[in-house]
Amino acid sequence: MKANIQEDRGINEKQDIENTQNTIKNDFAFTLKSTCLDENYHPSSQTRVTTNFANLARGVNRQQNLRNALNMINNRFNALAHLDNPKADRYRVELEIITVTMSIDDKNSINNLPLIEVLKTNIFDHKTGQRIEGIAGNNFSSYVRDYDFSILLIEHNKNKSNFCIPENFGDLHGKLYKCFVSSATYKEHFKMSPIICLSVSSNKTYTRTEYQHPVLGFEYLQDQYSITDEYFSKMGLKVRFFMPPNSVAPMAFYHSGDLLADYTDLGLISSISTMEAFQKIYRPEIYNANSVAGKIYQPSIKHEDYSLTRVVYDREERSRLAVEQGKYAEEHFIKPYKSLLEQWSANFTL
């Protein structure tokens, strides 16, 4: 009897190992949900509350906030897309909130784990009646990234005199991102790879070059890589810095492939107009400054010569909630599936 029990236990353990190995070898499955971001948008209970558009869509001013933000985006888009657009009203930017969840193991109901949320742009041409696909990646946010920067990095440097980066910092997040972007699910829904447009770093210096792109504007070079640059490089992303026409500061464009050749002008304009509007709202010291960045530029959120937009935004709340979202990721994603994720990460290749 004992021999039979041990034999059965051995078979079960072998099956468990094989199931785990199959999970590790196979790509995770992803599910996409699309929600329209317009003036009637209400954040769902599943939306990451730190997301910039969710912050705008709460409180008594929520509808006016959204209306003003969308007007800023459309006005900026038409100003940049000025060819054959004499009244600056030819185009309308339509925004989709793309929520990505992940399934690790359907058999054991390990699914619908929140992973990423981004905005995707679409462009409606009033003149032709056509809808033109824009670019995904705007307002990129991630639970694992919140955990890495708001929990792991802070804990790692607690009581240390010199700031340092944890070993393998960003490895898991980078591989999860690559897995999603290379998945059949992504390719089914999007024609182009994402562009993630962020604010420039306030502790780096940027120097303007002589190169000027017709849409992206003057290119700037950074004096050294930032933590974010290194983190995003593990996602397979490079970075270039451009200050679009009539902007006051450069922005960071994280991309794979060729930023200048892989995207249409209208696609680039949709990302610029969307992200510049959000940057003006929550980084007015940099992106709504009353003076234009010079040839040598160091951004600062302590800059006092700037204007406010007509959009109410709670920046302190966002910082606080980033920690809460990081803790949520730790409790519901990182800790419960730590062993499985580590094994997957160690075996993941593209």
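Descriptive notes on the structure:
- Condition met for residue 242 (modelled with pLDDT of 90 or more, open to solvent by less than 10 Å² (accessible area, probe 1.4 Å), in contact with a Lys or Arg (Cβ under 6 Å, 6 or more places away or on another chain) and not charged (D, E, K, R)): no
- The test for being touching a Ser or Thr at 6+ places or on another chain (Cβ under 7 Å) and basic (Lys, Arg) does not hold for residue 327.
- In segment 195-216, the residues that are open to solvent by less than 30 Å² (accessible area, probe 1.4 Å) and charged (D, E, K, R): 204
- Residue in segment 78-88 that is touching a helix residue (DSSP H, G or I) at 6+ places or on another chain (Cβ under 9 Å), surrounded by 18 or more Cβ atoms within 10 Å (Cβ to Cβ) and free of Cβ contacts under 8 Å to residues at least 40 places away in the same chain present: yes
- Selection from segment 138-153 of residues that are under 25 Å from residue 278 (Cβ atoms) and not in a strand (DSSP E or B): 143, 144, 145, 146, 147, 148, 149, 150, 151, 153
- Of the residues making up segment 228-279, those that are of a type in the set (D, E, K, R) and more than 18 Å from residue 141 (Cα to Cα) number 4.
- Helices (runs of 4 or more DSSP H) lying entirely in segment 176-290 (those with 3 or more residues that are β-branched (Val, Ile, Thr) and under 30 Å from residue 56 (Cβ atoms)): 265-282
- Any hit, segment 170-181, residues being open to solvent by 50 Å² or more (accessible area, probe 1.4 Å), of a type in the set (Asp, Glu) and over 24 Å from residue 258 (Cβ atoms): no
- Selection status of residue 158, assigned to a loop (DSSP other than H, G, I, E, B), at pLDDT below 95 and closer than 30 Å to residue 34 by Cβ: no
- Test: residue in segment 33-45 that is of a type in the set (Asp, Glu), at pLDDT 90 or above and assigned to a loop (DSSP other than H, G, I, E, B): yes
- Residue list for segment 298-350, filter: among the hydroxyl-bearing types (Ser, Thr, Tyr), outside any helix (DSSP H, G or I) and free of Cβ contacts under 8 Å to residues at least 40 places away in the same chain: 306, 307, 349
- Some residue of segment 59-66 being more than 28 Å from residue 267 (Cα to Cα) and open to solvent by 70 Å² or more (accessible area, probe 1.4 Å): yes
- Residue check, residue 85 within 30 Å of residue 245 (Cβ to Cβ), assigned to a strand (DSSP E or B) and among the polar types (S, T, N, Q): no
- Selection within segment 312-350: residues that are more than 30 Å from residue 63 (Cβ to Cβ) and of a type in the set (A, V, I, L, M). The member of this set that is modelled with the lowest pLDDT is 350.
- If only residues of segment 245-289 that are more than 19 Å from the chain's Cα centre (by Cα) and of a type in the set (S, T, N, Q) are counted, the one that is most open to solvent (accessible area, probe 1.4 Å) is 246.
- Counted residues, segment 224-239 - those being out of contact with any helix residue (DSSP H, G or I) (no Cβ under 9 Å at 6 or more places or on another chain), surrounded by fewer than 16 Cβ atoms within 10 Å (Cβ to Cβ) and modelled with pLDDT under 95: 1
- Residues within segment 112-137 that are surrounded by fewer than 22 Cβ atoms within 10 Å (Cβ to Cβ), outside any loop (DSSP other than H, G, I, E, B) and at pLDDT below 95, tallied: 3
- Some residue of segment 327-350 being out of contact with any helix residue (DSSP H, G or I) (no Cβ under 7 Å at 6 or more places or on another chain), of a type in the set (Val, Ile, Thr), open to solvent by 70 Å² or more (accessible area, probe 1.4 Å) and over 14 Å from residue 143 (Cα atoms): yes
The values are calculated or read from the model by the stated rules, or taken from the named source; none is laboratory data. The structure displayed is predicted, hence computed values, not measured ones. No Cβ is skipped: glycine too gets one built from the backbone with ideal geometry, and neighbour counts run over all protein chains shown. Accessible surface is based on the protein model in full, side chains and every heavy atom, while ligands, DNA and RNA are left aside. Shrake-Rupley method; radii C 1.70, N 1.55, O 1.52, S 1.80 Å.
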